Amino acid sequence: MTSGTDAPVAIKEPTPAASAAVAQEDERSTVDLVLPLAAVAAAGAVAGYGYIRRVRRTRDRTTPGGTGNPPPRTSSPPLAAPDEQACAALVAADNRMRAARAELGFAEALFGAEAGSEFRRAVREAENELAAAFRMRQRYDEGVPAEAAARGHALAGIVGRCEEAGRRLDAVADDFQRLRGLEHGGLGEALGVAEGRFRELAGRAGASEAVLVGLRTRYAPTATASVTGNVEQAKDRLVFATALLNEARQSADSGRPERAARHLRAAEGAVDQAAVLVEGVDRLAAQLRTAEQRVPATLTGAETELSWIREQEQKRERQRGRERGQERAAGGAAPARQTTHDLAATPPGELHSRLAHADAVLASVRQELTGGQLHDPVGVLRRIVRATAPVASGRAGVLPAAALLTARVAVAAAADFVATHRGAVGAAARTRLTEAERLLATGDPADRPPADTLALEARELAELDVRAHGNPYAGPGAAGVGGAVLGGIVPAEDPGSGTPAGFAGPAPG
């Protein structure tokens with residue numbers, strides 16, 4: 001969630017300084033993977049090493065704003081260590097799951113969905129275990145269970161679920177490596193798939209940039225805030241992929257298949273994240289168009305809903321007046337009458353206050369729409385839904401539909417941000433995101449507003465985590481390493497040789 005004055009963490013376009021270095025690498029490569037992005041370059045070696053040191057100092061943090069230093073013994077809560085272990089287990093398991101999904105996608109593109117069915121099933125089973133762990137963490141954060149001993153058991157259960165998710169991937173890791181055969185003759189075809197996807201995204205990045213420019217001229221700044229910097233970040237990931245794909249080709253040609261496989265996996269991770277960033281812009285454009293079309297009907301439906309509720313309240317007032325008259329005439333209490341309206345039990349003063357607030361919000365929205373100024377259609381729908389939720393009876397079907405759209409927009413934006421910044425995002429943001437996804441999947445209209453709220457909170461927490469880790473794009477530098485570290489594509493400790501921990505798990509040592 002981005003406030004009006006707080007722009008999301010965005011990647012700035014690199015300077016041309018490192019483009020020459022990348023070009024020299026390309027000249028030595030057996031394939032021409034020069035990005036059709038003339039202004040794209042890399043981030044500086046000095047800034048990159050400085051960023052890596054900062055990440056090393058703060059990599060154990062799982063909540064925004066943490067210091068990374070152990071608190072004094074006198075102030076440490078009894079469950080501090082188990083709590084940190086649970087958070088670390090969630091982050092590690094989630095990172096591995098995301099890397100495994102990306103790796104499986106490239107394998108299925110080459111061998112087909114049928115060949116990947118066994119591994120897709122293993123991923124689903126691991127996802128279920130991880131989802132259960134995140135659900136336990138969400139309840140833990142909500143204070144359930146309340147007893148100290150039970151909370152300790154809950155933390156242990158979270159770690160256990162994460163470990164089980166890893167075991168589900170471990171069980172098929174060897175078979176998956178044999179399927180890909182990167183170290184045993186299968187590298188060439190896999191490189192071809194990655195290079196093809198790379199070229200497709202390089203072309204789409206420019207188109208998405210034009211789409212984003214169009215959105216900014218049509219809608220208010222808040223409408224596109226969630227994808228601010230997406231195109232620049234996508235280009236940065238593709239710069240990194242260019243260097244790694246070239247390195248993979250060179251290593252393969254020089255008879256170093258294991259090194260080539262490591263570079264290929266890292267390049268695939270960068271290409272996959274570039275796809276997330278580019279597709280996020282295109283998806284938002286479609287969602288904004290849909291929201292824009294729904295705003296008039298949703299506003300009218302909300303106003304009609306409020307009018308109907310007022311009519312029902314007036315009828316109840318008249319009924320209460322007749323009952324008081326009968327009570328006085330009979331000299332005693334009249335029998336209580338039941339009403340089927342959900343708001344019947346709401347005190348009249350509170351109901352009137354809710355209606356007045358909803359009226360004020362809807363009037364403000366209508367004035368904004370008729371005033372001709374640029375607006376955020378998703379934000380408008382969210383304001384309508386939130387204003388009418390305390391009094392809505394469910395008669396107006398446009399309101400649940402609007403709530404579904406706003407929740408989908410928020411969940412998708414948060415998911416994209418976590419996926420492309422997972423090297424810095426902690427457990428709290430991931431937990432809120434997973435809970436939002438769970439609520440959105442229930443299909444219950446009552447779950448949509450809380451899903452929207454949780455997704456916005458997840459995005460805000462994730463942005464705070466990234467800011468706490470610093471911005472690797474603050475200075476000049478080389479080959480997109482800073483973005484790759486931020487995206488969790490390569491580890492901060494060894495960005496030159498590390499690879500994403502997917503089916504094979506983290507590298508030993």
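With a ≥ b ≥ c the root eigenvalues of the C-alpha gyration tensor of the stretch 105-202, is it rounded (a/c under 1.5), prolate (a/b larger than b/c) or oblate?
It comes out prolate by the Cα gyration axes.
Alpha carbons only, please: Rg and Dmax for the stretch 356-445, in angstrom.
15.8, 46
Which one of Pro221, Ala194, Gln233 has its Cα pushed farthest toward the positive end of the charge dipole of the stretch 192-240, where Lys and Arg give +1 and Asp and Glu give -1 at the Cβ?
So the residue we want is Pro221.
If you find the alpha carbon centre of the stretch 77-151 and of the stretch 227-274, how far apart are they in angstrom?
26
As I understand it, the dipole of the stretch 120-176 uses +1 on the Cβ of Lys and Arg and -1 on the Cβ of Asp and Glu, about the Cα centre. Which of Ile158, Val144, Phe176 lies farthest toward its positive end?
Of the candidates, Val144 comes out farthest on the positive side.
Rounded to the nearest percent, how much of the accessible area of the stretch 92-246 (1.4 Å probe, protein heavy atoms only) is carbon and sulfur? Don't skip to the answer; put the middle values down first.
Values: 3370 of 6410 Å².
The computed percentage sits at 53.
Students often check this: by mean Cβ neighbours within 10 Å, which of 374-385, 416-427, 164-175 ranks highest, and how do the rest follow?
416-427, 374-385, 164-175
If I stretch the segment between Ser307 and Glu368 completely, what's the gain in nm (0.36 nm per residue apart, minus their alpha carbon distance), one decimal? Walk me through the numbers before you get to the answer.
Values: separation 61, 0.36 × 61 = 21.96 nm, distance 2.11 nm.
Using 0.36 nm per residue and subtracting the Cα-Cα distance, I get 19.9 nm.
For the pair Arg386 and Arg289, what calculated FRET efficiency results from E = 1/(1 + (r/R0)^6), where r is the Cβ-Cβ distance and R0 = 30 Å, to the nearest 0.05?
After rounding, the FRET efficiency stands at 0.85.
Tell me the Kirkwood radius of the stretch 183-253: reciprocal of the mean inverse pair distance over distinct alpha-carbon atoms, in Å.
The Cα-based Kirkwood calculation yields 14.1 Å.
I'd like to compare 286-295, 225-234, 238-247, 210-219: which one has the highest average count of other Cβ atoms within 10 Å, and what's the full order after that?
238-247, 225-234, 286-295, 210-219
With the Cα gyration tensor of the stretch 135-267 giving a ≥ b ≥ c as the square roots of its eigenvalues, does the rule (a/c under 1.5 for rounded; else a/b larger than b/c for prolate; else oblate) give rounded, prolate or oblate?
oblate
The values are calculated or read from the model by the stated rules, or taken from the named source; none is laboratory data. Because the structure is predicted, anything quoted here is derived from the model rather than measured. Cβ coordinates were reconstructed from backbone atoms using ideal geometry, including for glycine residues, and neighbour counts include every protein chain displayed. Accessible surface areas use protein heavy atoms only, side chains included; no ligands, DNA or RNA. Shrake-Rupley method; radii C 1.70, N 1.55, O 1.52, S 1.80 Å.
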